[in-house]
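**Q** I have a structure I would like to understand better, so I am pasting it below and will then ask my questions one at a time.
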Ligand code: ADP
Ligand code: ADP
(Lines give C-alpha, C1' and ligand atoms only; values in the text may rest on other atoms or scores of the structure.)
(Ligands and ions follow the chains in the order given, each with its own letter.)
Protein backbone atom coordinates (compact mmCIF):
# COMPACT_ATOMS: atom_id res chain seq x y z
CA UNK A 1 0.00 0.00 0.00
CA UNK A 2 2.68 2.49 1.11
CA UNK A 3 6.36 1.65 0.85
CA UNK A 4 9.46 3.75 1.36
CA UNK A 5 12.90 2.51 0.45
CA UNK A 6 15.90 4.35 1.87
CA UNK A 7 14.12 7.69 1.77
CA UNK A 8 16.05 10.86 2.64
CA UNK A 9 14.79 14.41 2.75
CA UNK A 10 16.92 17.53 3.03
CA UNK A 11 15.12 20.85 2.58
CA UNK A 12 16.67 23.55 0.37
CA UNK A 13 17.82 25.45 3.49
CA UNK A 14 19.94 22.45 4.48
CA UNK A 15 17.65 21.06 7.21
CA UNK A 16 17.69 17.27 7.05
CA UNK A 17 14.23 16.00 7.99
CA UNK A 18 14.50 12.29 7.15
CA UNK A 19 17.47 9.96 6.99
CA UNK A 20 17.15 6.52 5.44
CA UNK A 21 13.51 5.67 6.04
CA UNK A 22 12.38 2.12 5.18
CA UNK A 23 8.75 1.35 5.83
CA UNK A 24 5.86 -0.72 4.62
CA UNK A 25 2.25 -0.01 5.54
CA UNK A 26 -0.34 -2.52 4.37
CA UNK A 27 -3.91 -2.05 3.25
CA UNK A 28 -6.30 -1.69 6.16
CA UNK A 29 -3.71 -0.81 8.80
CA UNK A 30 -4.14 1.95 11.39
CA UNK A 31 -0.76 3.51 12.13
CA UNK A 32 0.28 6.20 14.60
CA UNK A 33 3.38 8.24 13.79
CA UNK A 34 4.88 9.74 16.94
CA UNK A 35 8.01 11.64 17.93
CA UNK A 36 9.15 14.97 19.30
CA UNK A 37 8.57 18.25 17.49
CA UNK A 38 10.92 18.57 14.53
CA UNK A 39 11.52 14.80 14.36
CA UNK A 40 10.29 14.56 10.77
CA UNK A 41 6.72 13.24 11.22
CA UNK A 42 5.11 15.87 9.05
CA UNK A 43 7.72 15.46 6.31
CA UNK A 44 7.21 11.68 6.46
CA UNK A 45 3.49 11.95 5.78
CA UNK A 46 3.85 14.79 3.25
CA UNK A 47 6.04 12.54 1.12
CA UNK A 48 3.16 10.06 0.92
CA UNK A 49 0.91 12.47 -0.97
CA UNK A 50 3.75 14.23 -2.74
CA UNK A 51 3.40 17.55 -0.97
CA UNK A 52 7.19 17.14 -0.66
CA UNK A 53 9.61 15.19 -2.83
CA UNK A 54 12.36 12.95 -1.39
CA UNK A 55 15.99 13.96 -1.89
CA UNK A 56 16.80 10.29 -2.33
CA UNK A 57 14.97 6.97 -2.22
CA UNK A 58 11.76 5.54 -3.56
CA UNK A 59 8.16 5.85 -2.44
CA UNK A 60 5.36 3.60 -3.65
CA UNK A 61 1.69 4.25 -3.08
CA UNK A 62 -0.71 1.64 -4.42
CA UNK A 63 2.12 0.13 -6.41
CA UNK A 64 3.01 3.41 -8.13
CA UNK A 65 6.41 5.01 -7.75
CA UNK A 66 5.04 8.44 -6.93
CA UNK A 67 8.30 10.28 -7.47
CA UNK A 68 8.42 9.12 -11.06
CA UNK A 69 4.81 9.99 -11.69
CA UNK A 70 4.16 12.62 -14.35
CA UNK A 71 2.85 15.97 -13.13
CA UNK A 72 -0.47 15.51 -14.90
CA UNK A 73 -1.00 12.23 -13.00
CA UNK A 74 -0.65 13.88 -9.58
CA UNK A 75 -4.32 14.83 -9.26
CA UNK A 76 -5.06 11.16 -9.86
CA UNK A 77 -2.76 10.17 -6.99
CA UNK A 78 -4.32 12.77 -4.71
CA UNK A 79 -7.74 11.32 -5.38
CA UNK A 80 -6.58 8.05 -3.87
CA UNK A 81 -5.24 9.74 -0.74
CA UNK A 82 -7.37 11.78 1.65
CA UNK A 83 -5.57 14.26 3.89
CA UNK A 84 -6.68 15.89 7.14
CA UNK A 85 -4.71 18.69 8.84
CA UNK A 86 -4.43 20.11 12.33
CA UNK A 87 -5.93 23.45 11.25
CA UNK A 88 -8.76 21.92 9.13
CA UNK A 89 -7.99 24.05 6.04
CA UNK A 90 -11.63 24.57 5.08
CA UNK A 91 -12.55 27.32 2.62
CA UNK A 92 -14.27 29.94 4.83
CA UNK A 93 -16.62 31.32 2.17
CA UNK A 94 -18.11 27.90 1.36
CA UNK A 95 -20.66 25.89 3.34
CA UNK A 96 -19.75 22.52 4.81
CA UNK A 97 -21.41 20.71 1.90
CA UNK A 98 -19.70 22.98 -0.64
CA UNK A 99 -16.32 22.35 0.97
CA UNK A 100 -16.91 18.62 0.60
CA UNK A 101 -18.35 18.87 -2.92
CA UNK A 102 -15.44 20.94 -4.18
CA UNK A 103 -13.15 17.97 -4.85
CA UNK A 104 -15.86 16.32 -6.93
CA UNK A 105 -16.70 19.45 -8.92
CA UNK A 106 -13.04 19.70 -9.88
CA UNK A 107 -13.25 16.27 -11.52
CA UNK A 108 -16.56 17.22 -13.15
CA UNK A 109 -18.67 14.54 -11.56
CA UNK A 110 -22.35 14.89 -12.54
CA UNK A 111 -24.32 17.09 -10.11
CA UNK A 112 -26.74 14.40 -9.02
CA UNK A 113 -23.90 12.05 -8.17
CA UNK A 114 -22.08 14.82 -6.27
CA UNK A 115 -25.18 15.50 -4.20
CA UNK A 116 -25.48 11.85 -3.26
CA UNK A 117 -21.77 11.41 -2.41
CA UNK A 118 -21.73 14.56 -0.28
CA UNK A 119 -24.87 13.51 1.60
CA UNK A 120 -23.36 10.07 2.22
CA UNK A 121 -20.05 11.29 3.67
CA UNK A 122 -21.71 14.04 5.70
CA UNK A 123 -23.89 11.35 7.25
CA UNK A 124 -20.85 9.15 7.86
CA UNK A 125 -19.21 11.93 9.89
CA UNK A 126 -22.47 12.72 11.69
CA UNK A 127 -23.02 16.19 10.24
CA UNK A 128 -26.09 15.79 8.02
CA UNK A 129 -27.75 18.59 9.99
CA UNK A 130 -24.91 21.07 9.35
CA UNK A 131 -24.63 20.79 5.57
CA UNK A 132 -25.30 24.48 5.01
CA UNK A 133 -23.27 25.96 7.86
CA UNK A 134 -20.10 27.85 7.10
CA UNK A 135 -16.86 26.95 8.93
CA UNK A 136 -17.11 29.95 11.31
CA UNK A 137 -20.51 28.67 12.43
CA UNK A 138 -19.07 25.29 13.40
CA UNK A 139 -17.11 24.13 16.46
CA UNK A 140 -13.54 22.92 16.01
CA UNK A 141 -14.67 19.30 16.21
CA UNK A 142 -17.38 19.90 13.63
CA UNK A 143 -14.92 21.63 11.31
CA UNK A 144 -12.59 18.66 11.60
CA UNK A 145 -15.51 16.34 10.76
CA UNK A 146 -16.14 18.36 7.62
CA UNK A 147 -12.44 18.07 6.79
CA UNK A 148 -12.66 14.30 7.27
CA UNK A 149 -15.74 14.17 5.03
CA UNK A 150 -13.88 16.15 2.37
CA UNK A 151 -10.91 13.77 2.63
CA UNK A 152 -13.21 10.77 2.17
CA UNK A 153 -15.48 11.99 -0.58
CA UNK A 154 -13.33 10.45 -3.32
CA UNK A 155 -13.29 7.08 -1.54
CA UNK A 156 -9.51 7.12 -0.99
CA UNK A 157 -7.62 3.94 -0.12
CA UNK A 158 -5.62 5.80 2.50
CA UNK A 159 -6.43 8.62 4.87
CA UNK A 160 -3.49 10.65 6.17
CA UNK A 161 -4.08 12.76 9.24
CA UNK A 162 -1.35 15.17 10.34
CA UNK A 163 -2.02 16.09 13.99
CA UNK A 164 -5.80 15.95 13.47
CA UNK A 165 -6.52 16.52 17.17
CA UNK A 166 -3.85 19.17 17.72
CA UNK A 167 -6.38 22.03 17.95
CA UNK A 168 -9.11 20.12 19.79
CA UNK A 169 -9.97 19.57 23.45
CA UNK A 170 -9.55 16.01 24.82
CA UNK A 171 -13.20 15.00 24.49
CA UNK A 172 -13.47 16.27 20.92
CA UNK A 173 -10.15 14.62 20.11
CA UNK A 174 -11.62 11.28 21.11
CA UNK A 175 -14.66 11.88 18.90
CA UNK A 176 -12.42 12.49 15.91
CA UNK A 177 -10.33 9.44 16.78
CA UNK A 178 -13.46 7.26 16.93
CA UNK A 179 -14.47 8.62 13.55
CA UNK A 180 -11.07 7.70 12.08
CA UNK A 181 -11.43 4.22 13.60
CA UNK A 182 -14.84 3.82 12.01
CA UNK A 183 -13.34 4.76 8.65
CA UNK A 184 -10.53 2.28 9.21
CA UNK A 185 -13.09 -0.44 10.05
CA UNK A 186 -14.61 0.15 6.61
CA UNK A 187 -11.27 -0.77 5.05
CA UNK A 188 -9.45 2.55 4.61
CA UNK A 189 -5.81 2.60 5.71
CA UNK A 190 -5.24 5.36 8.27
CA UNK A 191 -1.88 7.01 8.97
CA UNK A 192 -2.06 9.50 11.84
CA UNK A 193 0.83 11.69 13.00
CA UNK A 194 0.06 12.71 16.55
CA UNK A 195 1.28 14.13 19.86
CA UNK A 196 -1.73 12.69 21.65
CA UNK A 197 -0.14 10.38 24.19
CA UNK A 198 -3.46 9.48 25.78
CA UNK A 199 -4.98 8.24 22.51
CA UNK A 200 -1.89 6.29 21.42
CA UNK A 201 -1.51 4.59 24.80
CA UNK A 202 -5.20 3.74 25.15
CA UNK A 203 -5.75 2.35 21.66
CA UNK A 204 -2.91 -0.10 21.16
CA UNK A 205 -2.13 0.04 17.46
CA UNK A 206 0.97 0.07 15.31
CA UNK A 207 3.27 2.88 16.41
CA UNK A 208 6.07 4.23 14.24
CA UNK A 209 8.32 6.47 16.32
CA UNK A 210 10.57 8.96 14.53
CA UNK A 211 13.45 10.85 16.11
CA UNK A 212 15.88 13.09 14.29
CA UNK A 213 14.68 11.81 10.94
CA UNK A 214 15.06 8.13 11.73
CA UNK A 215 12.59 5.41 12.68
CA UNK A 216 13.63 4.46 16.20
CA UNK A 217 10.70 2.11 16.93
CA UNK A 218 8.05 0.31 14.90
CA UNK A 219 5.79 -1.79 17.11
CA UNK A 220 2.59 -3.68 16.40
CA UNK A 221 0.78 -2.76 19.61
CA UNK A 222 2.98 0.10 20.61
CA UNK A 223 2.97 2.96 23.08
CA UNK A 224 3.72 6.66 22.81
CA UNK A 225 7.06 6.40 24.58
CA UNK A 226 8.85 8.55 27.14
P1 ADP B 1 7.63 17.18 12.89
O2 ADP B 1 6.40 17.03 12.06
O3 ADP B 1 8.03 15.90 13.56
O4 ADP B 1 7.57 18.32 13.85
P5 ADP B 1 8.87 18.17 10.46
O6 ADP B 1 8.81 17.11 9.42
O7 ADP B 1 7.90 19.28 10.39
O8 ADP B 1 8.84 17.47 11.88
O9 ADP B 1 10.32 18.81 10.45
C10 ADP B 1 11.51 18.03 10.41
C11 ADP B 1 12.71 18.96 10.21
O12 ADP B 1 12.63 19.54 8.92
C13 ADP B 1 12.78 20.11 11.20
O14 ADP B 1 14.14 20.37 11.46
C15 ADP B 1 12.16 21.26 10.45
O16 ADP B 1 12.66 22.48 10.88
C17 ADP B 1 12.57 20.95 9.03
N18 ADP B 1 11.59 21.43 8.06
C19 ADP B 1 10.30 21.04 7.94
N20 ADP B 1 9.68 21.67 6.93
C21 ADP B 1 10.62 22.47 6.36
C22 ADP B 1 10.62 23.37 5.25
N23 ADP B 1 9.53 23.56 4.50
N24 ADP B 1 11.77 24.03 4.99
C25 ADP B 1 12.87 23.83 5.71
N26 ADP B 1 12.96 23.00 6.76
C27 ADP B 1 11.84 22.32 7.09
P1 ADP C 1 -4.73 5.37 -18.07
O2 ADP C 1 -5.70 4.39 -18.67
O3 ADP C 1 -4.53 6.58 -18.90
O4 ADP C 1 -3.46 4.76 -17.57
P5 ADP C 1 -5.72 5.42 -15.35
O6 ADP C 1 -6.81 6.27 -14.82
O7 ADP C 1 -5.88 3.95 -15.27
O8 ADP C 1 -5.51 5.96 -16.83
O9 ADP C 1 -4.36 5.77 -14.62
C10 ADP C 1 -3.69 6.92 -14.91
C11 ADP C 1 -2.38 7.01 -14.17
O12 ADP C 1 -2.65 7.39 -12.82
C13 ADP C 1 -1.63 5.72 -14.06
O14 ADP C 1 -0.80 5.46 -15.15
C15 ADP C 1 -0.81 5.95 -12.82
O16 ADP C 1 0.32 6.73 -13.11
C17 ADP C 1 -1.76 6.75 -11.97
N18 ADP C 1 -2.56 5.90 -11.07
C19 ADP C 1 -3.53 5.04 -11.43
N20 ADP C 1 -4.06 4.43 -10.36
C21 ADP C 1 -3.41 4.92 -9.28
C22 ADP C 1 -3.50 4.68 -7.90
N23 ADP C 1 -4.36 3.79 -7.38
N24 ADP C 1 -2.68 5.36 -7.07
C25 ADP C 1 -1.81 6.23 -7.58
N26 ADP C 1 -1.69 6.50 -8.89
C27 ADP C 1 -2.46 5.85 -9.74
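**Q** Answer with yes or no whether residue 52 is without any contact (Cβ under 8 Å) to a residue 60 or more places away in the chain and more than 16 Å from ligand 2 (Cβ to nearest atom).
**A** So residue 52 passes the test.
**Q** Among the residues that make up the range 62-81, is at least one of them closer than 29 Å to residue 145 by Cα, surrounded by 13 or more Cβ atoms within 10 Å (Cβ to Cβ) and modelled with pLDDT of 95 or more?
**A** So far as the range 62-81 goes, no, none of its residues is closer than 29 Å to residue 145 by Cα, surrounded by 13 or more Cβ atoms within 10 Å (Cβ to Cβ) and modelled with pLDDT of 95 or more.
**Q** Then there is this: Tell me which of these residue 73 doesn't satisfy, since it passes every other one: (1) away from ligand 1 (no atom under 16 Å from the Cβ); (2) under 23 Å from residue 182 (Cα atoms).
**A** Failing condition for residue 73: (2).
**Q** Can I ask one more? Out of the residues in the range 49-58 that are within 15 Å of ligand 1 (Cβ to nearest atom) and touching a strand residue (DSSP E or B) at 6+ places or on another chain (Cβ under 6 Å), which is modelled with the lowest pLDDT?
**A** Out of the qualifying residues, it is 49.
Conditions (1) more than 16 Å from ligand 1 (Cβ to nearest atom); (2) free of Cβ contacts under 8 Å to residues at least 40 places away in the same chain; (3) surrounded by 22 or more Cβ atoms within 10 Å (Cβ to Cβ), marked per residue:
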residue	(1), (2), (3)
175	yes, yes, no
185	yes, yes, no
202	yes, yes, no
206	yes, no, no
211	no, no, no
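**Q** While we're looking at this one, here's another question. Determine the pairs where a residue that is within 12 Å of residue 160 (Cα to Cα), located within the range 60-83, has a partner that is within 9 Å of ligand 2 (Cβ to nearest atom) and assigned to a strand (DSSP E or B) with Cβ atoms under 6 Å apart, the partner being 6 or more residues away or on another chain.
**A** Close Cβ pairs satisfying both conditions: none exist.
**Q** Also, I was wondering about something else. Consider residue 98 carefully, then state whether it is in contact with a strand residue (DSSP E or B) (Cβ under 8 Å, 6 or more places away or on another chain), away from ligand 2 (no atom under 16 Å from the Cβ) and modelled with pLDDT of 95 or more.
**A** Here the answer is no, as residue 98 does not meet what is asked.
**Q** I would also like to ask the following. Kindly establish whether residue 88 is away from ligand 1 (no atom under 16 Å from the Cβ) and either touching a helix residue (DSSP H, G or I) at 6+ places or on another chain (Cβ under 7 Å) or modelled with pLDDT of 95 or more (or both).
**A** yes
**Q** Go through the range 189-200 residue by residue and tally those that are assigned to a loop (DSSP other than H, G, I, E, B), crowded, with 21+ Cβ neighbours inside 10 Å and either out of contact with any helix residue (DSSP H, G or I) (no Cβ under 8 Å at 6 or more places or on another chain) or without any contact (Cβ under 8 Å) to a residue 40 or more places away in the chain (or both).
**A** Residues meeting the conditions: 1.
**Q** Looking for whichever is on the phi < 0 side of the Ramachandran plot, buried (at least 21 other Cβ atoms within 10 Å of the Cβ) and touching a helix residue (DSSP H, G or I) at 6+ places or on another chain (Cβ under 9 Å) here; the options are 133, 97, 119. Which one fits?
**A** The conditions single out 97.
The values are calculated or read from the model by the stated rules, or taken from the named source; none is laboratory data. These numbers were taken from a predicted model, which means no experiment stands behind them. Ideal geometry is used to build each Cβ from the backbone, glycine not excepted, and the neighbour counts take in all protein chains shown.
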